[in-house]
Amino acid sequence: MRGNGLFGLLLAVSLPLGAASMFFEGARVIVDARRPPLENATFLVDNGRIVKIGKAGTLKAPAGARRIDLAGKTVIPALIDPHVHLGYQKGLSYAAANFTRENVIDQLNRDAYAGIAAVLSMGTDLGDFPFQIRAEQEAGKLGGALLFTAGRGMAAPNAGPGNAELKPSAYDLTTEDEARKAVREQVARKVAFIKVWVDDRNGAVKKTPPAIYRAIIDEAHKLHTRVVAHVYYLDDAKDLARAGADAFAHLVRDKEMDDESIALVQQHKILIMPNLGIAEARTHVDPAPWLDEPLFRDVTPAALVERIRAAYSGRTPASVEATQKTYRTMQRNVAKLVAAGANVGFGADSGAAPDYFHAFTTHRELQLMVEAGMTPAQALTAVTATSAAFLRLSDRGTLEAGKAADFVVLDGNPLADIAYTRKIYKVYLRGQEVNRTALRGAFQ
Ligand SMILES: [Zn+2]
């Protein structure tokens, strides 16, 4: 009894000192990218949550709260990228052998540094440790962007990921029974989604047949698990929509989407990830200006920055003509989907190919979405509220009272110029300031 009393006293004394709440003042806050921002806002963060938020003068700092002046800054909800491939690139090497706990955590830390609160690794995860990382994050024992995983994705033999290094991670399925068994195995491991590839890689492989992906979708839905489909061709997109796919990890890229396909994605409420960055990166002959941006250089190994720069020197206008044509089709499809009010989500696909590295890629994708015709508010909505809803992260994606205090403090207003998401002053995840200097020093 006496011991308990003493313990209670210690707690009562130590709590206000140890867990001081934070009172932020003066920033423009994009509470929810679907609505106008709060100018000159104040908000209180305690115990990992936004406790209150309102215009200046409507809230008072509680006694003992730390006051933090953010005058001139803009606060946005932290970004959520539901399409990445973690673990394969390490420095200049891109290989399955790099898929280690340390390398995945390193990439999650680069994401956190860049203001990304959560990612979904899309079907190329090997072994058990991604599930362990997730459990440790849930228990508050491990930082970085929250890791969601689609485990091992599935396709017909050799028809999975495009890159040879990723291929062994996918199931090679030849029968409907195998497909259903693969789904059951992955659902038993508590994957966030099932991933299926439907693509012939420009005629190089035999596409996953409709009977197989229908079995995958049917089995997954029976087990209350959603299915994300990699698509390329318009006709496959239509059939996948009819078969019940929940999201497309890419745009249709062979043709402009027609009215029938737009109606199908609307009718089935399919989330579409534009995924512009990989294709766009191949359309230029001159080195990209972002190669010299501080955020890109902070999160990307120096030798990799130089190899990416060097890659441009081997290109000619003729060699990029086909990629430009495909890219224009992709841009038009984004514009059509947005005009139709379709559920346009977000996914940068970082790590899907050698030298298509993590973290900055998420920000660059936002810029490309705006160049394709989305407003900055629409692009920000995709990477925050829409992605949170997609991952069923009900306490993320917006900054209302009660939500997780996951936010990025920027030096400028991304609603005026989306490139300001890359001008990061501070990052807060789960109510704590991310020590970006320490993280950067520890990048492998
Ligand atoms: Zn991918």
Subject >> Test set (1) within 16 Å of the ligand (Cβ to nearest atom); (2) part of a loop (DSSP other than H, G, I, E, B) - PHE148 fails condition number >> reply: (2)
Subject >> ASN343 vs. criteria within 16 Å of the ligand (Cβ to nearest atom) and either exposed (fewer than 15 other Cβ atoms within 10 Å of the Cβ) or of a type in the set (S, T, N, Q) (or both) >> reply: no
Original post:
Can you find even one residue in the range 359-375 that is part of a helix (DSSP H, G or I) and either touching a strand residue (DSSP E or B) at 6+ places or on another chain (Cβ under 6 Å) or modelled with pLDDT under 95 (or both)?
Top reply: yes
**OP:** Hey, can you tell me all the residues within the range 404-415 that are buried (at least 22 other Cβ atoms within 10 Å of the Cβ) and part of a loop (DSSP other than H, G, I, E, B)?
**Re:** ALA405, ASP406, PRO414
Original post:
On the given criteria, is MET374 hydrophobic (A, V, I, L, M, F, W, C), within 16 Å of the ligand (Cβ to nearest atom) and more than 27 Å from VAL191 (Cβ to Cβ)?
Top reply: no
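With the requirement that a residue be among the small types (Gly, Ala, Ser) and within 11 Å of ASN275 (Cα to Cα), what does the range 317-351 give you?
Correct list: GLY345, GLY347, ALA348, SER350.
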**OP:** Mind listing whichever residues of the range 176-204 are part of a loop (DSSP other than H, G, I, E, B) and in contact (Cβ under 8 Å) with a residue 24 or more places away in the chain?
**Re:** ARG189, LYS190, VAL191, ALA192, PHE193, VAL198, ASP199, ASP200, ARG201
Original post:
So how many residues does the range 185-203 have that are of a type in the set (Gly, Ala, Ser), under 24 Å from ASP125 (Cβ atoms) and more than 23 Å from the chain's Cα centre (by Cα)?
Top reply: 1
**OP:** Would you point out which residue out of ARG134, ARG180 is modelled with pLDDT of 95 or more and buried (at least 17 other Cβ atoms within 10 Å of the Cβ)?
**Re:** ARG180
Original post:
Do we find a residue being in contact with a Leu (Cβ under 9 Å, 6 or more places away or on another chain) and assigned to a helix (DSSP H, G or I) anywhere in the range 92-100?
Top reply: yes
Original post:
Is there any pair with a first residue in the range 416-433 that is farther than 20 Å from GLY48 by Cβ and in a loop (DSSP other than H, G, I, E, B) and a second that is of a type in the set (Gly, Ala, Ser) and at pLDDT 95 or above whose Cβ atoms are under 6 Å apart and which are 6 or more apart or on different chains, and what are they?
Top reply: LYS423/GLY412
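Identify, from the list VAL334, VAL338, VAL305, VAL299, the residue that is over 26 Å from THR386 (Cα atoms) and either of a type in the set (A, V, I, L, M) or touching a Lys or Arg at 6+ places or on another chain (Cβ under 7 Å) (or both).
VAL305
May I ask you to say which residue of THR124, THR100, THR174 is away from the ligand (no atom under 16 Å from the Cβ), under 25 Å from ARG214 (Cβ atoms) and β-branched (Val, Ile, Thr)?
Criteria check complete, one pass: THR174.
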Subject >> Matching residues in the range 137-177 - criterion: being at pLDDT 95 or above and of a type in the set (Asp, Glu) >> reply: GLU165, ASP172, GLU176, ASP177
Original post:
Of all residues in the range 69-104, which are surrounded by fewer than 22 Cβ atoms within 10 Å (Cβ to Cβ) and among the aliphatic types (A, V, I, L, M)?
Top reply: LEU70, ALA71, LEU92, ALA95, ALA96, ALA97
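The values are calculated or read from the model by the stated rules, or taken from the named source; none is laboratory data. This structure is a prediction, so every number in the text was calculated from the model and none was measured. With ideal geometry, Cβ positions are generated from the backbone for all residues, glycine too; neighbour counts draw on all protein chains shown.
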